[in-house]
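Right, one structure below, let's go through it.
The values are calculated or read from the model by the stated rules, or taken from the named source; none is laboratory data. Quick caveat, the model's predicted, so the values are computed rather than measured. Cβ: placed from backbone, ideal geometry, glycine included. Neighbour counts: every protein chain shown.
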Amino acid sequence: MAAIFQGIGAAAAVAALPPAEKFHSQSPRFLSARKGSLFVVRSDGRPSLGSSPRSRGAQRLITNAVAAKADASVTSTASKPGHELLLFEALREGLEEEMDRDPRVCVMGEDVGHYGGSYKVTKGLATKYGDLRVLDTPIAENSFTGMGIGAAMTGLRPIIEGMNMGFLLLAFNQISNNCGMLHYTSGGQFKIPVVIRGPGGVGRQLGAEHSQRLESYFQSIPGIQMVACSTPYNAKGLMKAAIRSENPVILFEHVLLYNLKERIPDEEYVLSLEEAEMVRPGEHVTILTYSRMRYHVMQAAKTLVNKGYDPEVIDIRSLKPFDLYTIGNSVKKTHRVLIVEECMRTGGIGASLTAAITENFIDYLDAPIVCLSSQDVPTPYAGTLEEWTVVQPAQIVTAVEQLCQ
Amino acid sequence: MALSTSFRSNLIKPLTALTALSSTQHLRRPFSSSADDSTVLTIETSVPFVGHKCEPPSRNVETTPKELLGFFHDMALMRRMEIASDSLYKSKLIRGFCHLYDGQEAVAIGMEAAITKKDCIITAYRDHCIYLGRGGTLVECFSELMGRQAGCSKGKGGSMHFYKKDSGFYGGHGIVGAQVPLGCGLAFAQKYSKDETVTFAMYGDGAANQGQLFEALNMAALLDLPAILVCENNHYGMGTAEWRAAKSPAYYKRGDYVPGLKVDGMDALAVKQACRFAKEHALKNGPIILEMDTYRYHGHSMSDPGSTYRTRDEISGVRQERDPIERIRKLILSHELSTEAELKSIEKKIRSEVDDAIAQAKESSMPEPSELFTNVYVKGFGIEVAGADRKEVRGVLP
């Protein structure tokens, strides 16, 4: 898994690293001339280190995600052990670091304070920061989302937690009209630096109303950014980036991913909100996915590799806007695209992604884009039915085989 | 309206002795004479306050001649602006929705008199006059209404989206009731930063039936937020009279555990007293509801004639008996703070000021096509976007 760092003065670090350990497409002088520089360090020890042309181009946009403590700390990431934790703990770590760093960051949601959060993401924070900063709200999504947005208009940076993303449907008006559009309708006077986060997606037999994928509903709201985390590493990085962003960000977590364990670096890092993650480079087909479906895809990838295919797996992470740069480079290489998502077929992220890729990269495609998504049905309670509504690894294998004929 | 004895004693003072002369017509005194600034007038409001779970404030309001003349000027300006907007709308220079505030000016003026620019005001779509009261200029108002660059939201907001961040005016919202949770958020931030300021979250009698209002009120009361919910009760939620929409039209009582105060919203001095009282209360004890009994002469918006659900007699009756500007005019004349002719000349000056502002606003240009894509995100990431046909207008999100 590639880790992406942004560091000021990384030029020094770049020079210090042995060439095999990293790659970059910019000369050190170019790097140091820029305000924020970007380079990629592989931490998974893959044999193709240092020789891949798959580097981030010089033309890539540098977003203003704040620099992590770069230099020496970055160089030793690959070798430093870091610490192991679960995804919800990674989210909490990111949240805590940001609350320490900026006193304007506060949390509000149902049972986030004394109870510690229904998925333990905010455990212990209320004792540390107090009841006003980690606010237990009544069950009133519409108004506490509105309250968070109003507070953000004055300069606070609230993180609004929906206990389940589905409950945020009640706050749709506030999210769409006030959160997304106030910056525009006020002619730029107000910034709304909120983070709206919560678990969504299909769980284990939670029923139709608690298995909703709100990314498909929110995706056309102008003015918001959407990201989906899938590993403890990117959960922490995206949480920090979302909090530091001046735009409203909706961070989609997944109910079934909270107990994933991974080793993450000790030193501080902030990921870019608009970048996709290259999970597994390949040559034959580009598989685009996000959140929980990433794991189904990786499972399918094992089978595919045994069968002789070489899929390239990209976790798109940024649902709005799409990282068309990474995706485009991949399409130009493999010429075949498979999208695997958990949204429903109609109007989901996959549908928009299909349209975006077709519009921009039609000349590079050798076959129509295949989009595997959940069925257009309410998620049933029965376990077998629920399995059939969500994309399974076997279906991904079949789709790749058909695509690569 | 009773003249207090303190005023009578002031008449004897040599500085103000001249004003005691009955034949005031030929006095050439400038209307904002500095000699009057020290005078304190105590006026009794014509309608008493009614309290719910609180002691209502006194009916006697202190004011100065300067303040009264200021009220007259500002309210006349607001009235003139709204009438001018009416004709601009009819000549199709203002499009879409235009909700006019004439008749309700006393609420905006009285509130401003009681608070500072550090206190926040948030309201719904009937926001032109509140924007003006918060320090906005006529040119910015008219430009925004006509969708020009010089508008307060660069022409991208329109009538329902006036904002002025530097003087604590948070808009300007189109969805009924959605501004009240935002207002509680402003109050939350004020409490968080320990500012000792308050937020006035304004809404109408129609919005008073929104659930999010009660949700927000519950949270404000739980957290003791310095939020003052102001219900501008003009008795009609568009075409529906209050008794047809609310089982209990006593909006000041609907807070239940939250204290409330019913105020004569056509009396600027009563509004000022109530807002001052509310600010003190909110800083100590948390939220309070103010119900301003007011009236709008126009319909709900320019597309509503305003006479299908109420009689013309009712409208003209209110205009004769309770008009806020006439009330202040009578006060000024009876206390001999100015003359009929001077007040008329103020109105004339205002009329020409408004005409000038309209002319200036008309000269301002429409926004550039590239403005379509600005202010969508803050410090964006350069996405390429295109206009509707994807050929003509192309831009990069800044």
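Quick rundown of the values:
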quantity: Residues satisfying the stated conditions in region B:239-258, i.e. under 24 Å from B:Ser46 (Cα atoms) and out of contact with any helix residue (DSSP H, G or I) (no Cβ under 7 Å at 6 or more places or on another chain); calculated: B:Glu242, B:Ala250, B:Tyr252, B:Lys253
quantity: Unique residue being over 22 Å from the mean Cα position of the chain (by Cα), over 15 Å from A:Tyr217 (Cβ atoms) and crowded, with 19+ Cβ neighbours inside 10 Å when the list is A:Val391, A:Val397; calculated: A:Val397
quantity: Strands (runs of 3 or more DSSP E) lying entirely in region A:293-356 (those with 1 or more residues that are closer than 23 Å to A:Leu256 by Cβ, within 14 Å of another protein chain (Cβ to nearest Cβ) and of a type in the set (S, T, N, Q)); calculated: A:318-320
quantity: Among residues of region A:84-104, those that are away from every other protein chain (no Cβ under 14 Å), under 21 Å from the mean Cα position of the chain (by Cα) and of a type outside the set (Asp, Glu), counted; calculated: 9
quantity: Helices (runs of 4 or more DSSP H) (entirely within region B:268-381) containing at least 2 residues that are closer than 21 Å to B:Asp102 by Cβ and in contact with a Gly (Cβ under 9 Å, 6 or more places away or on another chain); calculated: B:268-285, B:312-322
quantity: Single residue of region A:315-362 satisfying the filter (over 22 Å from A:Arg292 (Cβ atoms) and of a type in the set (Phe, Trp, Tyr)) that is surrounded by the most Cβ atoms within 10 Å (Cβ to Cβ); calculated: A:Phe361
quantity: Filtered residues of region B:130-166 (kept if under 18 Å from B:Lys92 (Cα atoms) and within 16 Å of the chain's Cα centre (by Cα)); calculated: B:Cys141, B:Ser159, B:Met160
quantity: Single condition B:Tyr131 does not satisfy, out of (1) within 11 Å of chain A (Cβ to nearest Cβ); (2) part of a helix (DSSP H, G or I); (3) surrounded by 22 or more Cβ atoms within 10 Å (Cβ to Cβ); calculated: (1)
quantity: Filter result for the condition that a residue is at pLDDT below 95, hydrophobic (A, V, I, L, M, F, W, C) and either crowded, with 20+ Cβ neighbours inside 10 Å or over 17 Å from the mean Cα position of the chain (by Cα) (or both), over B:Ala245, B:Ala221; calculated: B:Ala245
quantity: Restricting region A:242-263 to residues that are touching a Lys or Arg at 6+ places or on another chain (Cβ under 6 Å) and part of a strand (DSSP E or B), the residue that is nearest to the other protein chains (Cβ to nearest Cβ); calculated: A:Leu251
quantity: Those residues of region B:261-289 which are of a type outside the set (Asp, Glu) and surrounded by fewer than 24 Cβ atoms within 10 Å (Cβ to Cβ), in sequence order; calculated: B:Arg276, B:Phe277, B:Lys279, B:His281, B:Leu283, B:Lys284, B:Asn285, B:Gly286
quantity: Residue match in region B:102-110 (condition: more than 30 Å from B:Asp195 (Cβ to Cβ), outside any helix (DSSP H, G or I) and touching a residue at least 24 places away in the same chain (Cβ under 8 Å)); calculated: yes
quantity: Residue in region A:370-385 that is at pLDDT below 95, among the aliphatic types (A, V, I, L, M) and outside any loop (DSSP other than H, G, I, E, B) present; calculated: yes
quantity: Test result for A:Leu273, assigned to a loop (DSSP other than H, G, I, E, B), buried (at least 23 other Cβ atoms within 10 Å of the Cβ) and of a type in the set (A, V, I, L, M, F, W, C); calculated: yes
quantity: Flag if B:Ile109 is aliphatic (A, V, I, L, M), under 17 Å from B:Ala201 (Cβ atoms), buried (at least 24 other Cβ atoms within 10 Å of the Cβ) and touching a Phe, Trp or Tyr at 6+ places or on another chain (Cβ under 9 Å); calculated: no
quantity: Residues that are among the charged types (D, E, K, R) and touching a strand residue (DSSP E or B) at 6+ places or on another chain (Cβ under 9 Å), drawn from region B:277-300; calculated: B:Lys279, B:Glu291, B:Asp293, B:Arg296
quantity: A:Val194 modelled with pLDDT of 95 or more, over 20 Å from B:His173 (Cβ atoms) and crowded, with 24+ Cβ neighbours inside 10 Å; calculated: no
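One line per residue, one yes/no per condition, for (1) closer than 20 Å to B:Leu290 by Cα; (2) within 14 Å of chain A (Cβ to nearest Cβ); (3) touching a Gly at 6+ places or on another chain (Cβ under 9 Å):
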residue: B:Ile94; (1), (2), (3): no, no, yes
residue: B:Gln104; (1), (2), (3): yes, no, yes
residue: B:Ala113; (1), (2), (3): yes, no, yes
residue: B:Ile122; (1), (2), (3): yes, yes, yes
residue: B:Arg126; (1), (2), (3): yes, no, yes
residue: B:Gly135; (1), (2), (3): no, yes, no
